[in-house]
Amino acid sequence: MDDRDDVPLLELRDVSKRFAQPVDLAERLARWLTRRGGNEGVVHAVDGVSLAIRRGEVVGLVGESGSGKSTLGRVAAGLHAPSSGTRRWQGADLDRLPAAKRRRRQLAIQMIFQDPYASLNPRLRVQDIVGEAPVVHRMITAAQQADYVAELLQRVGLDASLMRRYPHQFSGGQRARIGIARALAVRPELLVCDEAVAALDVSIQAQVLNLFMHLRAELRLTYLFISHDLGVVRHIADRVLVMYLGRIVESAPAEELFTRPNHPYTMALLEAAPVLEVRRIDFRPIGGEMPSPLRPPFGCRFHPRCPHAMPRCSAEEPALREVVPGHFSACHLNDG
Amino acid sequence: MTRPDDTMQPTLAVEHLRTEFAARGGAVTVVNDISFTVRRGEILGIVGESGSGKSMTAYSIMRLVDAPGCIAGGRVLLNGQDLLGLNEEQMRRVRGNRIAMIFQDPMMTLNPVLRIDTQMIEAVQAHQKVGRAQAREMARAALARVGLPSPEERLLAYPHQFSGGMRQRVAIAIALLNQPDLILCDEPTTALDVTIQGQILHEMQTLCRASGTALVWITHDLAVVAGLADRVCVMYGGRIVESGHVRDVLERPRHPYTAGLIASSPSRNRRGAPLRQIAGAAPPPSELPSGCPFRTRCPHATPVCATMPEADVQDGHMWRCFHPMREPEGAAHG
């Protein structure tokens, strides 16, 4: 196993993911008749994003719906092939490996989903949900499955005697644990958690977050932790990336980002998030909504909502630059 | 409808409300002996997890509980008048008129196949004797009040043409149409992004202050209540286990459940350290223990908890617990 610290475990370089609406015959005919070129149906869900995750790190990814954070997570986990850009696993370009080898490498990245109801097959017993993949990938034999699953269930805090049951017989918190056991079954090194605690009740959320942190220490896991909940990300992440409309606008160590945010969007997010410690405040929200990713604004994508927007912001897209060591922000204000 | 004694009488007084669902093996109580009041211009937060009965409390106030559920007892006084004594026709004149409700999913309010103006004009004319043109003008004004840009154009749109945040604003505008005395909000911002949530909280707060509308804000999010509400009720297992001014309840929680909820919030824990957690999961209403509903998960429970504790009240701060918390920060013992 490669333990060199300078090579990131997973690296995405200039990755984009575009989704195109399929063009049907009528549309093609209309375009031909009107002689309009057409790529207006293309969504740039992720647009030129680079990120590196080091072994043992917890990287938080925050943003609102439509920011592209889930798509980026799926690209990182290999569920979507990037439209352009490369994915490197310990330095090796994943998309250039032979298919069989890539599949094996990719097992090291597993995903945990938001909805503990929709992400488990209701017609399979827990033993098969958790134990199917390791048998298919020949990590264990079918005869070993029951013992293997029992051990995994105990590891995530479930009673092993429940493995003959179906998902509907479990509570939301227990289902979240089953999803985690399923991901752990193929001995991953990196877990991509997409809103993994968002659907859980407050008291259960703390239990599952504790489990994530416990597993991190026990199995030396690395996480890409995607969440809209800033409090959760602040607690669990070492480093935080903020996405807006398909781009990373700011990235910094967690404490630095939350105490000294640089990008106006990050500031707006932090300001808008309610916190327990503040009583009967006057909410002073930022106006407007995130524009459609079908037609992102020109220049800085945040400029239509930004309180500090200046003429340059609508003309020129700011690059992600290091403002203090380790703290990157994409904002023209930093140019003074 | 404003009365001279408005300052004395609460807009809404719920007294010993009890809602049950018929089930195999007897009735299941989902709202159990709930009492609270909301005054003019006041915002009351009701906090609880799924299954705590917080939504059923709102449905019971609106008398929207369908069979096999039924309201088994208590009173719901709106400006002194018991809603539970009204017949269905009288109750229909109250809903959408004196009390409005906003749901988590705005499509519960909106009809997907009708234009916004059609729906809003209908909502006005159902309760007020006004012409179509005047009703339309009221609809336009309501949309403008909730901060919807270009309301004139928006009136002609269909719900699917709006984003989630915009739809929720339209639902709020519809709730405001007849200037209700009370608005019940059931997790209205839970599905929305934080910046949009911030906008809606701001608008509700401003509207409430300006119009004197009483607001009941049901949520699972203590942080929203902390910033928005004047008073809060904490529900667990169909009961209010603690209530009082937001400051008292959040800074000096007395019930171990409230204390546990607050202590498990990441902001109350050292970064990266294990979160203090409440053990176990809330049982379904059919499997609640006798006595205090929290006792099976409570670190302080003793045999006496098998009977329901009486309410203790100190300066408007109420809790129901035999072993209330003493620490000022209410840190739960691990």
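With the crude spin-label approximation of a point 7 Å out along Cα→Cβ, what separation in nm comes out for residue B:209 versus residue B:150?
According to this spin-label approximation, the distance is 3.1 nm.
Rounded, prolate or oblate: pick one for the protein assembly as shown, where a ≥ b ≥ c are the square roots of the eigenvalues of its C-alpha gyration tensor, a/c under 1.5 means rounded, and failing that, prolate if a/b is larger than b/c, else oblate.
Details: a/c = 1.75, a/b = 1.23, b/c = 1.43.
Judged from the Cα gyration tensor, the protein assembly as shown comes out oblate (a/c at least 1.5, b/c at or above a/b).
Hey, got a sec? Which GluC sites (Glu not before Pro) in the range A:16-76 land in a DSSP loop and have at most 13 other Cβ atoms within 10 Å?
Those satisfying the criteria are A:40.
When DSSP assigns beta bridges and you keep just the ones with both residues in the protein assembly as shown, what percent turn out antiparallel, to the nearest 5?
Antiparallel bridges: around 60 percent, rounded to the nearest 5.
Calculate how steeply helix B:164-176 sits against the longest principal axis of the alpha-carbon atoms of chain B, using the helix alpha-carbon long axis, and give the answer as 0 to 90 degrees to the nearest 10.
80
Note the angle between two axes, namely the Cα long axis of helix B:194-211 and the longest principal axis of the Cα atoms of chain B, as a number of degrees from 0 to 90, rounded to the nearest 10.
Result, in degrees: 70.
Can you put A:229, B:66 in order, fewest other beta carbons within 10 Å first?
B:66, A:229
Going by how many other beta carbons lie within 10 Å of each one, how would you line up A:87, A:220, fewest first?
Ordered by Cβ neighbours within 10 Å, fewest first: A:220, A:87.
Whole angstrom only: what separates the Cα centroid of the range B:142-186 from the Cα centroid of the range B:252-297?
36
Using a 10 Å cut-off around each Cβ of peptide B:216-224, what is the average number of partner chain Cβ atoms that fall inside? Could you put the intermediate results ahead of the total?
Values: counts 0, 0, 0, 1, 4, 4, 4, 7, 4.
Rounded to a whole number, the mean comes out at 3.
What percent does the relative contact order of chain A come to when contacts are Cα pairs within less than 8 Å and at least six residues apart? Could you put the intermediate results ahead of the total?
On the way: 577 pairs, mean separation 67.0, N = 336.
Over chain A, the number comes to 20 percent.
Can you give the FRET efficiency to the nearest 0.05 for residue B:23 and residue B:126, using r as the Cβ-Cβ distance and R₀ = 41 Å?
After rounding to 0.05, the efficiency reads 0.70.
Averaged across B:277-289, how many Cβ atoms of other chains sit within 10 Å of each residue's Cβ atom?
Shielding by partners across B:277-289 averages 3.
Below 9 angstrom from the Cβ of residue A:327, what's the summed charge of the other residues (Lys, Arg +1; Asp, Glu -1)?
Combined, the nearby Lys, Arg, Asp and Glu give -2.
Quick one: A:47, B:117, fewest Cβ neighbours within 10 Å first, how do they rank?
With the sparsest Cβ surroundings first, the list reads B:117, A:47.
Please compute, for peptide B:227-233, the average count of beta-carbon atoms on other protein chains lying within 10 Å of each residue's beta-carbon. Don't skip to the answer; put the middle values down first.
Details: counts 11, 5, 2, 2, 0, 0, 0.
Whole-number average of other-chain Cβ neighbours for B:227-233 is 3.
Explain nothing, just compute: Karplus ³J(HN,Hα) = 6.51 cos²θ - 1.76 cosθ + 1.60, θ = phi - 60°, for every residue of the range A:213-230 in order, whole Hz, x for Gly and Pro.
Values, residue by residue: 6, 5, 5, 4, 6, 6, 10, 6, 7, 10, 10, 10, 10, 9, 7, 8, 8, 5 Hz.
To the nearest 500 deg cm²/dmol, what mean residue ellipticity at 222 nm is calculated for chain A from DSSP H runs of n ≥ 4 alone, each contributing -39,500 (n - 2.57), summed and divided by the residues?
Working: 10 runs with 102 residues, N = 336.
After summing the helix terms and dividing by the residues of chain A, the value is -9000 deg cm²/dmol.
Read-outs: derived from the displayed coordinates by stated rules, not from any lab. Please read these numbers as outputs of a predicted model, since none were measured by experiment. For neighbour counting, all protein chains shown are included, and Cβ atoms are generated from backbone atoms with ideal geometry for every residue, glycine included.
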